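This report concerns only the one structure given below.
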């Protein structure tokens, strides 16, 4: 379990690094080009990794049978990366990621509450709501000080 915790924390620690790198990539051109370059390089890395790991190509009939909403992840990822590119230089790393975490907690609490997207239903309790509110207060403190 500790391996999972530290791996996920390491991935989280890379988000502000990625935002700064992609913002730097946008300086000579446009944020959309920076986001596209980030996705292009990421796609290439994933394809090469899958090739060397000998992971088989998905069955197209199974993919075609998936609900249409399952394909929206790429759109959401593109939106996220583009927003990071645009706002990283304006907000700074700490405020940017504090807002990201607050948004993630708000969104995940709602997903859990309604059991959307296959998540187990877990109602919003007053303490869960307080946790999200405290995250937002944390954003305000990080931004102010």
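Each reported figure results from applying straightforward, stated rules to the coordinates on display, with no laboratory input. Quick caveat: nothing in here was measured; it's all calculated off a predicted structure. Because the Cβ atoms are built from the backbone with ideal geometry, glycine has one as well, and the counts that use them run over all protein chains shown.
Looking at the structure I just gave you, is residue 77 touching a residue at least 24 places away in the same chain (Cβ under 8 Å) and in a helix (DSSP H, G or I)? Yes: the conditions hold for residue 77. Would you confirm whether or not the range 123-130 contains a residue that is part of a loop (DSSP other than H, G, I, E, B), surrounded by fewer than 14 Cβ atoms within 10 Å (Cβ to Cβ) and free of Cβ contacts under 8 Å to residues at least 12 places away in the same chain? For the range 123-130, residues part of a loop (DSSP other than H, G, I, E, B), surrounded by fewer than 14 Cβ atoms within 10 Å (Cβ to Cβ) and free of Cβ contacts under 8 Å to residues at least 12 places away in the same chain: present. Taken over the range 21-33, the residue count meeting the criterion of being assigned to a helix (DSSP H, G or I) and either under 10 Å from residue 86 (Cα atoms) or without any contact (Cβ under 8 Å) to a residue 40 or more places away in the chain (or both) is 8. Just one residue in the set 105, 9, 14 is assigned to a helix (DSSP H, G or I), in contact with a helix residue (DSSP H, G or I) (Cβ under 7 Å, 6 or more places away or on another chain) and closer than 30 Å to residue 140 by Cα; that residue is 105. Does residue 136 qualify as being closer than 27 Å to residue 18 by Cα and loosely packed, with under 11 Cβ neighbours inside 10 Å? In short, no.
Test residue 72 against the stated conditions and say whether it is part of a helix (DSSP H, G or I), touching a residue at least 24 places away in the same chain (Cβ under 8 Å) and either over 27 Å from residue 122 (Cα atoms) or out of contact with any strand residue (DSSP E or B) (no Cβ under 9 Å at 6 or more places or on another chain) (or both). Can you show your working first?
Values: part of a helix (DSSP H, G or I): yes; touching a residue at least 24 places away in the same chain (Cβ under 8 Å): no; either over 27 Å from residue 122 (Cα atoms) or out of contact with any strand residue (DSSP E or B) (no Cβ under 9 Å at 6 or more places or on another chain) (or both): yes.
Here the answer is no, as residue 72 does not meet what is asked.
For the range 52-69, a tally of residues being outside any loop (DSSP other than H, G, I, E, B) and surrounded by 10 or more Cβ atoms within 10 Å (Cβ to Cβ) returns 1. Looking at residue 134, is it without any contact (Cβ under 8 Å) to a residue 60 or more places away in the chain and touching a helix residue (DSSP H, G or I) at 6+ places or on another chain (Cβ under 8 Å)? Answer is no for this residue.
From the list 117, 135, exactly one residue is on the phi > 0 side of the Ramachandran plot, more than 15 Å from the chain's Cα centre (by Cα) and assigned to a helix (DSSP H, G or I). Which is it?
On the way: 135 fails: on the phi > 0 side of the Ramachandran plot.
Every option except 117 fails the conditions.
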